[in-house]
Amino acid sequence: MAKSPVVTGISPKEGPPGTRVTIRGEHLGINPNDLSSLKICDCECMLSAEWKSPNKIIARSGPGKGRGDIILVTKSGGVGTSTVQFRGYHETIGPLKESAVWVEEAPLNWGRQNSSVTIFQLDDPLGLSVEGDEKFPENELTELFPDGSGDLLSENFEPAWFLLEHHHGTSFDDLRVGLSYLKRKVDSQNEGQLSFLKDNVGSVMEQLDTLFTLKQNYEADFERNNETLFRVEEAINQSLKEATHLFHGVLTRREKAEATRNALAVMTRYKFLFQLPINIDRNIKNEDVDVIINDYARALNLFGKTEVSVFKKILEEVETKILNIRINLKSKLHQMPTTLKQQKKIIRNLVALNDNGDPGWEAIIHMKQFLIDKIKGSYQQFTTEEQANETPNKNNRHPQNKHKRNISLSQQIESQNVEPKKVLCIDEIATVISDYFPDLWKLGQNYFVGDLAVKPDCSHEKDFKEMILDIIVTVSDIYRTIMLPTTTTSSFSPVPIIWLPHCLKQIRSVFTVLMALDLPNEALNKISSVIFDLRLHCLNILFKQASEQIIQLKTTETWKLDYHSKQGTISQLPNDFYKIIMEAMNLAKEYVIRDERRETALVDNETAKNELQLLVHKCFWNFSQVLEQVGLNADTNCSSTTVMSLSGSSVTGFKLHNDLMWEQKLLITISNSQYTRNVMLLKFKKEFEDNGFPTIDVVVARAVELLENTESKLLETYIETKSDPLVGTIEPSMYVGSFEWDSPSLLDLREVRPYAKEIITNLIALHSEVQTIMPDLMYAVLSEIVVTISEEMSRLMNCVTHFSENGAMQARLDLMALTFTLSNYFTPNSKDFFCDATNAVPPLKSEDNEKYVLKCFEQFKTRMHLQIMCFLTPCPNDIETSII
């Protein structure tokens, strides 16, 4: 339907009746025939309306008085509105004044004119001059006196209006003078007949002269011939006779014409009956049933009770043809599909043709059966094709599923354009419900309220309700069987996940159609329950799909690295995990979490909340397992191609080569786990809350525990992997070249032995590796390895049975160098082990030897300054003194 007319401007804004008004606005009709009514000041002006365009109309105002709206009514837009008003007023109109309305003529005084002037003929009744005064705003006067007028001759004359309009600038003293003048004039009008005669003496004298002249003329005629009146009477009688003779032939012919006309009327009446069978056949060919009904009703009305045998024979022939028409109409009524308009027309025709049955209820029964057959037919076709394709699909199902498992849901949707048979069945049923069910419901409502021209049978109300429920239950059961086979006894496989959103949309469209019809809640709850279960099923499938994709991440790790100044080096694994979860969440938000009208909210349902938490927890648990498997089996299941990118900080002292070592991948996996725990989980929590999902605080807390356990396992493996070879090289390096601590041929002490430098160099390499990949683990890794080194040094020193003086000096120097370099990563255990190793070395015999050891130690710090700087701050002085 078009928009309603809106009048936004008129020109002029006031005038007397017949004023040519130009009306402007929007949606003022699409053509002249679209105009239905035009009222100005509540007066119909449609006869004078000239349609120019949808924005312009010209009309003449009617006899309305005062202010009023301009209301335009169009066939396309209905009743319009007006933002402006027109003010109509009446002017005093004389015989020489043009007017658009009829004015009652008043007798005019064509004789002597009265020399005196009445008070109402003055320019101003107060006798005051108004020259030079500004005109008072008319709109304000209208607001002050909505029903009044300043016209002295008006029935609604308001003195205050007159004074404001003409004397708003006059002083009070002048108004008092004007009042006195007005009183004198009024008193002069009330002096009596004598005063009236004085004022109108001219008119009175003229009337007397006229009467006197008339009397003289009549007396003169009567004296001259007193038989004038008799002659006039005879002339009138003679004229009457001549008129009668003159029109005698005309009257005779008129009587004959009336007789002929009556005869023709009777012949025409019988001709209708004689030609009725032929007319019925002709109208049947033209499918003009309304004409047949009218002719049939007219024939029954005219000849229904006739006793003439000829008329009875014709009526019997007509009844036979009408019976055939009833049979044909009932056949059309039973044919489906048929629109509601066609059904109502057929029912009305059957009732008009005096059908003995109940065509309205018959139409409802056949339409219901048509819907059931259509729905079950679609389902039967699907089941037949499903059973026919079941055996071939079993052989090809697994390879296809295996191929699709590694691609995302959105990619699967884009790659498959052909709808499965299940989806086609759901679409077809939704189309049947949308196209035909509203007509069935409206047909039933029209039947029970009596709009089908047939008396309704109220006993069918219960049967109609059962019909509606039968259709809804059938649709609900079929949808459950196709889409939720795990909840029914059906053996069909579920709908592919890529088509679940589409199917949910189709079922929601059915629910929308049913809600628009205002069905009983019992019927709506059937479909609402299916939608809720399907939404829950979609939620389950989406996150299970995400969980399976997360498991596949262990085979897709490319070790493309990215360095973060705060989090360290990570691969693409956390980001891939984030993308999978977010994709599932967005799809769930779009198709599942978002509630349509009158749908059960998933976020408020405890079953849905628990299901969602379990699904998300499963995803997090799978990712922790993926991290553990990637870290522990990084050398066998991952690609060796590595790309390093830096973000936020630069890397110095270590470079990741194209071929990563297993230990490096293990450390990167720990960094991935820590990055997921510290960053990704918080992002997941925020995204779920922002998108309307139930809170996942408990799931996030459990995920933190899972990742911490995974990090502990991986870190323990990394430390063990790094410490075993490092500690295993200490003893061979210490005794390389047949070195003995008590050998009398031991050379003079000059510097720290190579095995100690080798320990420091190995730790520097480890330090560089950890610093490059994950600086936060530096203390945890080096402190544990330092413990193993200190324990090994304590064991080796305690295993020495005898130290020579030079051997003792060398051992103390080596221990001092190691203790000073590694003191920043000491734990109580490592400190105790180094003290135990130091105590195993005998004290030096002379103070000179002690000074010499300190001198060598200072030389070590100078020479190894860069290496020592890798371990940050040096060891406190009290540790050096205690070792000496």
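Structural remarks
- Residue pairs meeting the criteria (Cβ under 9 Å; at least 6 apart or on separate chains; first on the phi > 0 side of the Ramachandran plot, in segment 143-159; second open to solvent by 70 Å² or more (accessible area, probe 1.4 Å) and assigned to a loop (DSSP other than H, G, I, E, B)): none
- Single unsatisfied condition, Ser171 versus (1) hydroxyl-bearing (Ser, Thr, Tyr); (2) modelled with pLDDT under 80; (3) open to solvent by less than 80 Å² (accessible area, probe 1.4 Å): (2)
- Exactly one residue out of Asn798, Asn806 is in contact with a helix residue (DSSP H, G or I) (Cβ under 6 Å, 6 or more places away or on another chain) and open to solvent by 10 Å² or more (accessible area, probe 1.4 Å), and it is Asn798.
- Candidates Thr338, Thr320, Thr391, Thr383, filtered to the one that is among the polar types (S, T, N, Q), more than 27 Å from Thr474 (Cβ to Cβ) and either surrounded by 13 or more Cβ atoms within 10 Å (Cβ to Cβ) or modelled with pLDDT of 80 or more (or both): Thr320
- Filtered by the rule that a residue be among the small types (Gly, Ala, Ser) and within 12 Å of Leu371 (Cα to Cα), segment 427-450 gives Ala430, Ser434.
- If you go through segment 430-481 and keep only what is among the small types (Gly, Ala, Ser), within 20 Å of Gly360 (Cα to Cα) and under 35 Å from the mean Cα position of the chain (by Cα), you end up with just Gly444.
- Close contacts from segment 197-226, counting a first residue that is acidic (Asp, Glu) and a second that is at pLDDT below 70 and open to solvent by 80 Å² or more (accessible area, probe 1.4 Å), with Cβ to Cβ under 9 Å and a gap of 6+ residues or different chains, come to Asp199/Ser115; Asp199/Gln189; Glu206/Arg112.
- Residue match in segment 754-772 (condition: farther than 23 Å from Lys722 by Cα, open to solvent by less than 20 Å² (accessible area, probe 1.4 Å), part of a helix (DSSP H, G or I) and at pLDDT 85 or above): no
- Restricting Ser723, Ser712 to residues that are buried (at least 16 other Cβ atoms within 10 Å of the Cβ) and among the polar types (S, T, N, Q) narrows the list to Ser723.
- Pairing residues of segment 323-339 that are closer than 22 Å to Asp281 by Cβ and touching a residue at least 40 places away in the same chain (Cβ under 8 Å) with residues that are open to solvent by less than 40 Å² (accessible area, probe 1.4 Å) and outside any loop (DSSP other than H, G, I, E, B), at Cβ distances under 6 Å and at least 6 apart in sequence or on separate chains, gives Leu329/Ile346; Leu329/Asn349; Leu329/Leu350.
- Qualifying residue in segment 508-529 (condition: open to solvent by 30 Å² or more (accessible area, probe 1.4 Å), in a helix (DSSP H, G or I), modelled with pLDDT under 85 and more than 28 Å from Gln380 (Cα to Cα)): yes
- If you go through segment 255-281 and keep only what is open to solvent by 100 Å² or more (accessible area, probe 1.4 Å) and at pLDDT 80 or above, you end up with Glu255, Lys256, Ile278.
- For segment 829-874, residues that are of a type in the set (Val, Ile, Thr), part of a helix (DSSP H, G or I) and in contact (Cβ under 8 Å) with a residue 12 or more places away in the chain total 3.
- Taking residues in segment 341-369 that are touching a residue at least 24 places away in the same chain (Cβ under 8 Å), and partners anywhere that are hydroxyl-bearing (Ser, Thr, Tyr) and not in a helix (DSSP H, G or I), not one pair has Cβ atoms closer than 6 Å while being at least 6 places apart or on different chains.
- Evaluation of Lys305 against (1) outside any helix (DSSP H, G or I); (2) basic (Lys, Arg); (3) closer than 25 Å to Gln342 by Cα (one fails), failing number: (3)
- For segment 408-430, the criterion of being at pLDDT below 65, among the aliphatic types (A, V, I, L, M) and surrounded by 11 or more Cβ atoms within 10 Å (Cβ to Cβ) is satisfied by at least one residue.
- Within segment 282-295, the set of residues being surrounded by 12 or more Cβ atoms within 10 Å (Cβ to Cβ) and not hydrophobic (A, V, I, L, M, F, W, C) comprises Arg282, Asn283, Asp288, Asp290, Asn294, Asp295.
- Taking first residues from segment 672-693 that are within 15 Å of Trp621 (Cα to Cα) and partners that are in a loop (DSSP other than H, G, I, E, B) and open to solvent by 70 Å² or more (accessible area, probe 1.4 Å), no Cβ contact under 6 Å between residues at least 6 apart in sequence or on separate chains turns up.
- Criterion (farther than 19 Å from Pro754 by Cα, assigned to a helix (DSSP H, G or I) and at pLDDT below 90) met by exactly one of Met778, Met809: Met778
- Residue in segment 601-612 that is surrounded by fewer than 16 Cβ atoms within 10 Å (Cβ to Cβ), outside any helix (DSSP H, G or I) and in contact with a helix residue (DSSP H, G or I) (Cβ under 6 Å, 6 or more places away or on another chain) present: no
- Screening Ser180 with (1) polar (S, T, N, Q); (2) touching a helix residue (DSSP H, G or I) at 6+ places or on another chain (Cβ under 8 Å); (3) at pLDDT 80 or above gives one miss only, at (2).
The values are calculated or read from the model by the stated rules, or taken from the named source; none is laboratory data. All values derive from a computational prediction rather than experimental measurement. No Cβ is skipped: glycine too gets one built from the backbone with ideal geometry, and neighbour counts run over all protein chains shown. Ligands, DNA and RNA are excluded from the accessible area calculation, which covers all protein heavy atoms including side chains. Shrake-Rupley method; radii C 1.70, N 1.55, O 1.52, S 1.80 Å.
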